[in-house]
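A.B. asks: Please see the structure below; I have some questions.
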Amino acid sequence: MIASQLLENEYSGHFGTYIREAGDGKLIEELEISLHDFIRFVQDIPMDKFDYSYAEGKWTIKDIIQHIIDTERIFAYRALRFSRNDKTPLPSFEEDDYANNTESNKRSIQDLLTELSALRHSTLLFYKSLSEDQLKRIGTASNNPTSVRALGFVIIGHQKHHQKVFEERYL
């Protein structure tokens, strides 16, 4: 399954941006490839940039990596709930509250990348376990309908979006 095969009712709002960012690779393959590409990219960033923010009140690269981790956990949790046919509407989350309550800048970059890698491998195993029917299931999060498979592409596109932000504003 590729992102362009998603139906219009499977996502809405800002998720469209992330789905376009995901590209048109196959979901399972791209979950894996994008992780390796991201880790290689981050490992090439000069050490003095990890605690840098380009403006007052903006996140550091470490903060953004922690944000990617937190967001993937939330999106994967939503995908789990929806795949199991849980119809309970799920609330949104305030990313700044999460960012303000981590200590990502006290962590090593290797520790953050190891956590991201472990999380992604868990996400991959979860997505590999799903049937076509489960992947197509739709639930509601942040008052918007979203399918399980769309959430997989959102995870990929969200990470790629932040990689572009690194390139444009931090390096």
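The values are calculated or read from the model by the stated rules, or taken from the named source; none is laboratory data. These numbers come from a predicted model, not from an experiment. Because the Cβ atoms are built from the backbone with ideal geometry, glycine has one as well, and the counts that use them run over all protein chains shown. The area values use the complete protein model at the heavy-atom level, side chains included, leaving out ligands, DNA and RNA. Shrake-Rupley method; radii C 1.70, N 1.55, O 1.52, S 1.80 Å.
A.B. asks: Give me the number: length gained by fully extending LYS58 to TYR77, i.e. 0.36 nm times residue separation minus the C-alpha to C-alpha distance, one decimal in nm. Walk me through the numbers on the way to the answer.
C.D. replies: On the way: separation 19, 0.36 × 19 = 6.84 nm, distance 2.69 nm.
Length gained between LYS58 and TYR77: 4.1 nm.
A.B. asks: Enumerate the whole-percent occupancy of each 10 Å bin, from 0 to the last occupied one, for all C-alpha pair distances of the chain.
C.D. replies: Whole-percent P(r) values from 0 Å outward: 10, 40, 35, 14, 1.
A.B. asks: Once label points are set 7 Å from the Cα along Cα→Cβ at both ILE39 and MET1, what is their separation, rounded to one decimal in nm?
C.D. replies: 2.5 nm
A.B. asks: Among the lysines, which fall within straight-line cross-link reach of LYS128, defined as a Cα-Cα distance under 17 Å, with same-chain neighbours fewer than 8 residues apart omitted?
C.D. replies: LYS26, LYS136
A.B. asks: With n ≥ 4 as the cut-off for DSSP H runs, can you work out [θ] at 222 nm for the chain, using -39500 (n - 2.57) per run divided by the number of residues, rounded to the nearest 500?
C.D. replies: When only DSSP H runs of four or more count, the value is -18000 deg cm²/dmol.
A.B. asks: Residues of the stretch 133-147 with the amide nitrogen closer than 15 Å to a label point 7 Å from the Cα of ILE28, along Cα-to-Cβ, please.
C.D. replies: Taking a point 7 Å out along Cα→Cβ of ILE28, the residues of the stretch 133-147 whose backbone N falls under 15 Å are 133-136.
A.B. asks: If ASP63, ASP44, ASP51 are ordered by their accessible area, calculated over protein heavy atoms with a 1.4 Å probe, which sequence runs from highest to lowest?
C.D. replies: Values: ASP63 25, ASP44 130, ASP51 90 Å².
Result of the area sort, largest leading: ASP44, ASP51, ASP63.
A.B. asks: If the cut-off is a Cα-Cα distance under 21 Å, which lysines reach LYS106, setting aside same-chain residues fewer than 8 apart in sequence?
C.D. replies: In chain and number order, the partners are LYS49, LYS58, LYS62.
A.B. asks: If you place +1 on the Cβ of every Lys and Arg and -1 on the Cβ of every Asp and Glu, how big does the dipole about the Cα centre of the chain come out, in debye to the nearest 20?
C.D. replies: Numbers: 21 positive and 27 negative charges, 100 e Å.
Dipole of the chain, to the nearest 20 debye: 480 debye.
A.B. asks: Now for a separate question. Using protein chains only and a probe of 1.4 angstrom, how many square angstrom of HIS158 are accessible, to the nearest 10?
C.D. replies: 10 Å²
A.B. asks: Here is a follow-up. Return one number: the angle in degrees, 0 to 90 and rounded to the nearest 10, between the long axis of the Cα atoms of helix 27-43 and the longest principal axis of the Cα atoms of the chain.
C.D. replies: It is inclined by approximately 0 degrees.
A.B. asks: Set the Förster radius R0 to 41 Å, insert the Cβ-Cβ distance between LYS87 and SER117 as r into 1/(1 + (r/R0)^6), and round the FRET efficiency to 0.05.
C.D. replies: 0.80
A.B. asks: Go through HIS67, HIS14 and list them by solvent-accessible area, largest first, probe radius 1.4 Å.
C.D. replies: Ranking HIS67, HIS14 by accessible area, largest first, yields HIS14, HIS67.
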